[in-house]
Amino acid sequence: PGQGNYTDYLVAHAISIPLMRMEEMMLIEAEAAGRQTLANGIMLLETFGKLRNPAYTSTATKLSDFIDEIWLQKRIELWGEGQAIFDIKRLNKGITRSYTGTNHPVGYRFNTEKQPYWMDDVIVQTEGDNNTGLGENNPNPERPSDSAPAW
């Protein structure tokens, strides 16, 4: 890498190229700025929002509202790109799969109010039995009941 040799793939492609959409970077920057100074974060969020809707203005008056607004914009902008799982885990958000008109398979239509246990990487019990350095294991990843509330 860095040799300028683009004809030999063993040299030219011996590097990882991280790919990230500009919109994702803008929303990450807005959230980070808002966590430091709410007014700066709102300004960056509105700058982003006006790219899609010139009349966009933030309604956030406190940090939790601002974070929810960022999360909504990320869900709109990055829909279907596999980014939601990171926000769900980081912000401890719930999952809503049971609602009118859903196309989720019948056995998977459940809702949670916070991050579901099935998103955790569970370490098998035998590892805990044989590895004293492991400490407390992950919570039980039991599936929510079929009668999960639809809200």
Determine whether GLY80 is within 30 Å of MET119 (Cβ to Cβ) and of a type in the set (Gly, Ala, Ser). yes
Extreme residue, farthest from LEU19 (Cα to Cα), among residues of region 77-102 that are touching a residue at least 12 places away in the same chain (Cβ under 8 Å), in a loop (DSSP other than H, G, I, E, B) and open to solvent by less than 30 Å² (accessible area, probe 1.4 Å): SER98
Subset tally (residues that are without any contact (Cβ under 8 Å) to a residue 40 or more places away in the chain and either over 18 Å from the mean Cα position of the chain (by Cα) or open to solvent by less than 60 Å² (accessible area, probe 1.4 Å) (or both)) for region 65-76: 5
Please report, ordered by residue number, the helices (runs of 4 or more DSSP H) entirely within region 1-64 with at least 2 residues that are surrounded by 11 or more Cβ atoms within 10 Å (Cβ to Cβ) and over 26 Å from the mean Cα position of the chain (by Cα). 9-12
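The values are calculated or read from the model by the stated rules, or taken from the named source; none is laboratory data. If you're wondering where the values come from, they're calculated on a predicted model, not measured in any experiment. Methodologically, a virtual Cβ is constructed for each residue, glycine included, from the backbone with ideal geometry; neighbour enumeration extends over all protein chains shown. Ligands, DNA and RNA are excluded from the accessible area calculation, which covers all protein heavy atoms including side chains. Shrake-Rupley method; radii C 1.70, N 1.55, O 1.52, S 1.80 Å.
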